[in-house]
Ligand SMILES: NC(=O)c1ccc[n+]([C@@H]2O[C@H](COP(=O)([O-])OP(=O)(O)OC[C@H]3O[C@@H](n4cnc5c(N)ncnc54)[C@H](O)[C@@H]3O)[C@@H](O)[C@H]2O)c1
């Protein structure tokens, strides 16, 4: 039996949490990841020797991707907004909303990047950063290049959305913030990554768009236009950067159980992960909700050398939501 096969067998027999350094982890700490219906992944070397940057890596799909890339041997530098105190949150969101959100955002809470970095050990480094701040985002990329000698994979994933109201209601302030986080920071991430990857001789840039880029969702006009911008940015950058062996693709998730949906700071109260999971189970032909690992697995393929002839693509990962002609009738039981 070869050494690689033996390693694979050993890894396969461990639970996912054991492999990620936390056998005691309570699933309630990260309710957005329920892999009951997702095929169990195995640890391997699909990203061995590669250096990755992931934005928005302390929650939801970003966190699942940090974990997946570490499992596959990458050195990952991930960023997210810094943990905040309950008082800071209250000043921003008001007391009531702060009560609901402080557990996720406080130091040591489930999406404290420092604690996640410590749990994952040598494979992952957390750099607190707001992706809309050019210097902070540049510092994240520089950390990867300085610490690990270059950059192979950039995943522009950080995003905000929901509760923007109708086109008529949406304020300039909310519109600008959504476009800044969901589109302009992706553009900047592509610029920064491309410069580092040209030095390296190539790389893979992935960004998170959304099916809101291709379908009309009421109440998501700013979000949808930012995400549609990401798909076009992807195509143009892919054409420009192809000659330098840099591939540029984006992923369009459908409904995925993450705090963006069930715990949005813009919402009055948390809907709860389980309620969203139940609701999304019937939203598309595949009869289960999308999970963060579904997106992490798509990002893994795009990041790996298995997809070196794929560029400029908008890959839809939505259980078939966007291709179903009579989806609303089926959901209504018609
Ligand atoms: N959940 C879904 O159903 C869904 C569907 C389509 C697309 N998306 C997109 O997927 C991506 C990941 O979202 P998610 O669903 O995992 O939600 P999430 O809220 O769990 O994760 C998003 C992360 O981005 C971080 N972030 C937000 N603004 C930031 C900023 N300015 N600087 C740094 N980090 C910032 C958040 O703190 C959070 O940790 C987003 O781009 C989102 O628009 C989500």
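The values are calculated or read from the model by the stated rules, or taken from the named source; none is laboratory data. Remember, it's a predicted structure, so these values are computed and weren't measured experimentally. FYI the Cβ positions are ideal-geometry reconstructions off the backbone, even for glycines, and counts take in every protein chain you see.
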Residues satisfying the stated conditions in the stretch 306-334, i.e. part of a helix (DSSP H, G or I) and free of Cβ contacts under 8 Å to residues at least 60 places away in the same chain:
323, 327, 328, 329, 330, 331
Among all residue pairs at least 6 apart or on different chains, which show Cβ distances below 6 Å where the first residue, located in the stretch 209-223, is free of Cβ contacts under 8 Å to residues at least 60 places away in the same chain and under 18 Å from residue 176 (Cα atoms) and the second is more than 9 Å from the ligand (Cβ to nearest atom) and not in a helix (DSSP H, G or I)?
212/220; 221/167; 222/164; 222/170
Taking the condition under 13 Å from the mean Cα position of the chain (by Cα) and either modelled with pLDDT of 95 or more or closer than 29 Å to residue 162 by Cα (or both), does residue 207 pass?
yes
Given (1) more than 16 Å from residue 193 (Cβ to Cβ); (2) more than 20 Å from the chain's Cα centre (by Cα); (3) part of a helix (DSSP H, G or I), identify the lone condition not met by residue 286.
(3)
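Taking the stretch 144-169 only, how many residues are within 16 Å of the ligand (Cβ to nearest atom) and surrounded by fewer than 18 Cβ atoms within 10 Å (Cβ to Cβ)?
Residues that pass the stated criteria total 2.
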Tell me, yes or no, whether the stretch 269-281 has at least one residue that is within 10 Å of the ligand (Cβ to nearest atom), in a helix (DSSP H, G or I) and closer than 19 Å to residue 155 by Cα.
no
Selection over the stretch 288-303 where residues are more than 16 Å from residue 321 (Cα to Cα), in contact with a strand residue (DSSP E or B) (Cβ under 9 Å, 6 or more places away or on another chain) and within 12 Å of the ligand (Cβ to nearest atom) yields a count of 3
Qualifying residue in the stretch 187-198 (condition: within 14 Å of the ligand (Cβ to nearest atom), at pLDDT 95 or above and outside any helix (DSSP H, G or I))
no
Can you pull out every residue in the stretch 50-70 that is away from the ligand (no atom under 15 Å from the Cβ) and without any contact (Cβ under 8 Å) to a residue 60 or more places away in the chain?
70
Evaluate the following for residue 284: is it within 12 Å of the ligand (Cβ to nearest atom) and in contact (Cβ under 8 Å) with a residue 40 or more places away in the chain?
yes
Those residues of the stretch 199-227 that are within 12 Å of the ligand (Cβ to nearest atom) and surrounded by fewer than 19 Cβ atoms within 10 Å (Cβ to Cβ) come to a total of 3
Would you mind stating whether residue 135 is in a helix (DSSP H, G or I), more than 19 Å from the chain's Cα centre (by Cα), modelled with pLDDT of 95 or more and within 15 Å of the ligand (Cβ to nearest atom)?
yes
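Does residue 251 satisfy the criteria of being touching a strand residue (DSSP E or B) at 6+ places or on another chain (Cβ under 8 Å) and near the ligand (Cβ under 9 Å from one of its atoms)?
When the stated conditions are applied, residue 251 passes them.
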